[in-house]
Amino acid sequence: MKREIKKDNSKGKTFLKAFLSFFLLSFMLLVFGPSEIFFANVTEFTFLYQEFIWHMLVIAVLSAVILSVGAMFLPRLPYKLIVSISFGIAVAGYLQVMFLNRKLDLLGLNPEGYGIEVVPAVLNLLIWLLIIGSALFLAFAKEKAWDKLVQYLSAFLLAIQIVALVSLVVAGDEKAYVRPAAGLHLSGEEQLVVSKEDNVIILILDFMSSEYVEDALKVYPDAVDALHDFTYYNNAECVYFGTFPSIVHMLTGVEFNPAITINEWCAQAWDNEMTNQFYDYLKNNNYKINLYTPDAHMICGLNELELIQDKFDNVIDVAQDMEVNEPLLLKTLFKMSGYRMFPEFLKPMFYTNMGEYADIVTAKKNAVRHDNAAFYSRLLEEGISGDEEHNYFIIQHLMGPHQWTTGADGNYKPDSTREETVKGCFVIVEEYLKQLQEVGAYDNATIIITADHGGPNNTDSQVCFFVKRPGETHEESPVTNAPISHCDLLPTVLQAAGCPFEDYGRTIFDFSENEGRERIFWISRMNYDYPYIQCYTGDKEAAGNVYNGYCYTGTLRDLLQKIEQGPDIISPMLEGFY
């Protein structure tokens, strides 16, 4: 009888030890990691905490129980091996999150994914191997010490993370748990509606640098053949790196002021004499103005959309019936948590691009289609329709090559290349132009195809810029190196709409080949000579603390020389957007 009791106790301890090890790992990866990511970035997400946490918790507990029961019946040697490896990974992952991670781009802003630096990655891997190796060594050389270490350290790490989790949940903002039943939002109901009379259309392909286009043409020489009526400006300055503040600057002409808060600058940019006059001119000339972009924070910060309600006709106040893609939500959070927890060499496997979490929650009706393939699908299914009552100024913001998940045919392809994605983007643009022709809206339209920004890697700093004026036709697309800038968009739009434009400066058509013009390129950077700052959301540290300004005259080559020499201007930021 005593032997049976001892045997039962032994089995119980065997199960408990395995469970603590397995549950520590599953809890970190599936519960605490996603929770910490969620609460640290709650303003960026449209899903709610309760929409994923119970699923994650059940999976974490069940997986730990199943693995523990299975481990109980293993021989001693493989049992110690599996439990030690699980325990070692959990401890190393905890240290990775707490001490070893460099500043991570958790929200997936870089389309090229996570870049590994070999020396730090090797050192990081050695630390992981040392921790896992130590656990294995103790298991076979000091079994009693190993027994206590696995049980007590697992329990301790679990306890401190459970306490931290409770603190996060209790202190969580209301928006983490409640989705507004109604409120202003950008409607996509008329996303494929254009005027049968006059249109000014800006297609913004996010992150489409001139270098991206040139590299894609080497693989797909016919990629932009459909744009033969467009003039290509191969020397176009985006002024700012980043969708914020670029989109706001493109649509208001107001220079970013890093010395004030993001919310203050957004309010000033959208509500001033020149911006108000620009939109009044268009509306007085019978223009409907529709902006299609998925993220209101990019254009308003934390201000309500009331800020732009008088300017854009598709800002509406109607309750939205939202749909949550639960499999995508769980998969995305698992990847983000793994990216945060695992060593440098494995991070590229788990890097989660911003587009992956942007599509988790969508409106069942009237959603703005921002993803390339989703927009293309709707374009093919519904088609463009014409409105005979109004002229239209349309700003169509698509994902572009910011996320490499578009195949060369324009459809979704998860493992696409940059060149395929660029080609796919222009397939979508070609279909859009073809349908404009079919409804009789192409010839009279002014159409600009550009990007909000290029990349941060110097050679991809400038953006693609194609423009077609009403009645313009060519056998082949003319190319010019005229030094244009996003600063020239507002006068160009006003001129195209038949409105007064002289107060807003020169249009892009006023600049000539090889003209000398000083321009400036701004990029946010971390400068350790300046103090750290908070993100505008107030819940995390900003990725940059200064804006570096590079003044140059000439082409991209001249900009690259300036970047090599260092910034001409360093402007400290009060708070960061990213």
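Scan around residue 195 for amide H atoms under 5 Å from its own, H built in the peptide plane at 1.01 Å from N, and keep only partners 5 or more places away or cross-chain.
The list, which skips near neighbours in sequence, is 387, 392.
Can you pull the three principal axis extents for the Cα set of the stretch 472-531, in Å, largest first?
52, 30, 20
Once amide H atoms are built 1.01 Å from N in the peptide plane, which residues 5 or more positions from residue 535, or in another chain, come under 5 Å H to H?
Those qualifying (amide H under 5 Å, at least 5 residues apart or on another chain) are 540, 541, 542, 576.
If we count every other residue with Cβ under 11 angstrom of residue 359's Cβ, Lys/Arg +1 and Asp/Glu -1, where does the sum land?
Summing Lys/Arg as +1 and Asp/Glu as -1 gives -2.
Listed here are the pairs 288/365; 218/364; 80/103; 196/364; 148/540; which of them are more than 30 Å apart at the Cα?
Cα-Cα > 30 Å for 218/364; 80/103; 148/540; rest within.
Taking amide H positions as placed in the peptide plane 1.01 Å from N, state which residues far from residue 314 in sequence (5 or more) or on other chains have amide H under 5 Å from it.
Distant-sequence amide H within range of residue 314: 291.
What Kirkwood hydrodynamic radius, in Å, does the stretch 517-578 give when the mean of 1/r is taken over all pairs of distinct Cα atoms and then inverted?
For the stretch 517-578, inverting the mean 1/r across all distinct Cα pairs yields 12.4 Å.
By average Cβ neighbour count within 10 Å, what is the ranking of 337-343, 432-438, 381-387 from highest down?
Going by the mean number of other Cβ atoms within 10 Å, highest first, we get 337-343, 432-438, 381-387.
What is the Cα convex hull volume of the stretch 388-547 when expressed per residue in Å³?
Hull volume normalised by residue count: 210 Å³.
Helix-derived [θ] at 222 nm for the chain: sum -39500 (n - 2.57) over DSSP H runs of at least 4, divide by residue count, nearest 500?
After summing the helix terms and dividing by the residues of the chain, the value is -13500 deg cm²/dmol.
Taking the Cα atoms of the stretch 1-127 alone, what are Rg (to one decimal) and Dmax (as a whole number) in Å?
18.8, 65
Let's test this: bin the Cα-Cα distances of the chain at 20 Å from zero up to the farthest pair and state each bin's percent.
Per 20 Å bin, starting at zero, the Cα-Cα P(r) for the chain comes out as 19, 48, 24, 8, 1 percent.
How large are Rg and Dmax for the stretch 284-339 when only the alpha carbon atoms are used, in Å?
16.6, 53
Of the listed peptides 98-111, 538-551, what is their order by residue-averaged count of other C-beta atoms within 10 Å, with the highest listed first?
538-551, 98-111
Put +1 on the Cβ of each Lys and Arg and -1 on the Cβ of each Asp and Glu in the chain; which of 471, 104, 169 then has its Cα farthest toward the positive end of the dipole?
169
Neighbour counts of other C-beta atoms within 10 Å: give me 207, 87 arranged from fewest to most.
207, 87
Laboratory data are not the source of any read-out in this text; all were calculated from the coordinates shown. Quick caveat, the model's predicted, so the values are computed rather than measured. When we count neighbours, we look across all protein chains shown, and the Cβ atoms used for this are built from the backbone with ideal geometry, even at glycine.
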